[in-house]
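Just so it is clear, none of the values below were taken in a lab; they were calculated from the coordinates. On a predicted model such as this, the values are computed, not experimentally measured, just so you know. Positions of Cβ are generated from backbone atoms using ideal geometry, with glycine treated the same way; all protein chains shown enter the neighbour counts.
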């Protein structure tokens, strides 16, 4: 499908939190004192004590089960309004959150300010501030994204296609993110798309962090912003072929992508063309690479349905590729007279590729083009006029396979490092033999190549610059299979400095995610180098729940098998300790969103492995979240986690690992727990409730530091450097937890 500038902050999948089932509010016990926000006194001997949250016992009954939630009051009943306007947050909740922030500032941020600033400057020094993307040709222009030195936000620009690699050619700035975001506490683009005739540009912006985007339009010939404006969108849209309309996604009151509308420029307004009736299905809209068709995809985590219509239709006539069937997944591209489809049909767990006529696309007419091969996971595909490009994962490593349409011959493109990341891009054009390949590894900065599919010529067009200097040979990259308790081998990617002794003495940061099939790639990241340079081993566990070893690896880490994710992480950590990469009590666990759930679960399972835990926007209140069907992501998440509103078995499965519900008096390590007030994925009350419960149930353990960003959502601060400051705090905490922050101790 055609390239768009997807510039949203964090793309990680996660969940919201809440509670919506039969319940009653008990009157006793009622209140424990909540101190107001204060600044630390000038007398250094006076420090803040941890806030103590009031407890209001709410009894909740469902599927024959009863639980009591003492911190349900932290969820503002008007949370939908809070997402879009944080100023309306209930006063007692705001008071508590500000008290938590004041405590974290006084006891963690201020003592670590020097190290945090050192880390920030070091990490910033590894970023090329005036960087830009490689331009992508579309007709007479080549479009690109760039940053200016010191700039927080992207700039969208273009130049003449003939000047694509002419460094002296002047760029035409279309949208200046720094100017647009100036003075705003939060600012983020989502889709940015120029019209097919290159005269207009449309862009979706969020100025709150709530992920409710407004689409605006600019006339590129006059440089004027048009009066047309579309509010409460999901941030995704495509242009019609005639450049006079866009097809956009409505975000409803529950924050879900609910319908696709056609908006015609010139004040004619929107017409609904598709509405999804199942709240468990999300929808998306996209354009074929050929530009001839627009697709509306509806899907849950396990089931797909795709509708299509011609992109130049005045009145879209929607047709379905194949009606939804439970557990049938497929994605579609257009290829001449056919559609080409990646699907798990016919028990193709790791997916296969089929073709079907545009004139009769139903499943009865699907014909295998790339037969199913167990153990070879098809991650995605791009279609050009004469070539089909597949990104696959085989034996745990990515590879690119190019199929020539006429002959059917295939070429495989792979690399030799022990662990690496690959990506492909085909830009805007369809009738072309050019594609781009991106490559990196944990120690090797990203390289981008132009690759000619006809001549097989590969040209290095860009190599990621590290302004402060970088020598890949200073670092060691390993990929190991750690034995799990049931005999499976869990992939782990490891990075450390060559001078670090692997004799058990090094501290280790152990990162994990393991949900939704998302696999953390072994790509180059500049930030972990700051830890590696200070003697920490940086390791990423790829547990079940990801697709590191294929789609079955994902299936074996969800629903009733979710505990495998947690076991894999703990077993991998203990294996690395046994191999001398670190030692017990000298490990810092780190994960965000659903990875925050992982952190909570493993802290309950083996708290003494850790010196510290970093849980960023953590999904930890599993039962309450998955019982609130008004939250944006809850119904679509039931296939991932189960439905505790209808199934006692699902309820019991979740209850057994839900970190919030399983918090008890254990020797928990120091924890840094973060959230965002306008986060619609993991709502602010999840980390807040968990921190309060940790303090109540295990007051002698910890300490626990809660930091709620009062001006941002799931991705944290929106600017690239403001976001880096948050990473610097997390890393400073990690170093302090393992005794590498000078004389600063966490207590």
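Here are some notes:
- Pair residue 721, residue 253: separation of 7 Å Cα→Cβ label points (nm): 4.3
- In nm, spacing of pseudo-spin labels at residue 365 and residue 178 (7 Å Cα→C-beta vector): 5.3
- FRET efficiency, 1/(1 + (r/R0)^6) with R0 25 Å, evaluated for residue 458 and residue 407 via beta carbons: 0.75
- Normalised by residue number, the volume inside the convex hull of the Cα atoms of region 527-620 is 104 Å³ per residue.
- Modelled FRET efficiency - R0 45 Å, residue 219 with residue 630, Cβ distances, 0.05 increments: 0.65
- Taking other C-beta atoms within 10 angstrom as a stand-in for reagent exposure, 485, 55 fall in the order 485, 55, fewest first.
- Within region 251-354, the proportion of Cα pairs with more than 21 Å between them is 39 percent.
- Annotation for region 146-202 versus region 532-553: alpha-carbon center distance of 35 Å.
- Stokes-Einstein diffusion of region 379-465 at 25 °C, 0.890 mPa s viscosity, Kirkwood radius from Cα pairs, rounded to a whole number: 183 µm²/s.
- Ratio of Rg to Rh over the chain (Cα coordinates, Kirkwood Rh, two decimals): 0.95
- Burial ordering of 261, 470, fewest other beta-carbon atoms within 10 Å first: 470, 261
- Gap separating the Cα centres of region 99-121 and region 284-326, nearest whole Å: 49
- Sequence-distant contacts, meaning Cα pairs under 8 Å at least 6 residues apart, place the relative contact order of region 457-520 at 22 percent.
- Pairwise FRET efficiency - residue 92 versus residue 649, Cβ, R0 = 41 Å, nearest 0.05: 0.65
- Difference of contour (0.36 nm per residue) and Cα-Cα distance, residue 310 to residue 416: 33.9 nm
- Each residue in 341, 296, 127 was given a count of other beta-carbon atoms within 10 angstrom of its own, and listing them fewest first yields 127, 296, 341.
- In percent, rounded to a whole number, the relative contact order of region 451-558 is 24, using alpha-carbon pairs under 8 Å and six or more apart.
- Label zone (residue 561, point 7 Å along Cα-to-C-beta; backbone nitrogen cut-off 17 Å) within region 529-543: 542-543.
- 0 to 90° range, to nearest 10: angle between helix 563-578 axis and the chain longest Cα axis: 70
- Contact order normalised by residue count of the chain, Cα under 8 Å, 6+ apart, percent: 14
- Each principal axis of region 194-233 carries a Cα extent, and these read 32, 18, 13 Å when sorted largest first.
- Reported to the nearest whole Å, the Cα centre-to-centre distance from region 580-609 to region 617-645 is 23.
- Nearest-ten-degree value, helix 648-657 long axis tilted from longest Cα axis of the chain: 60
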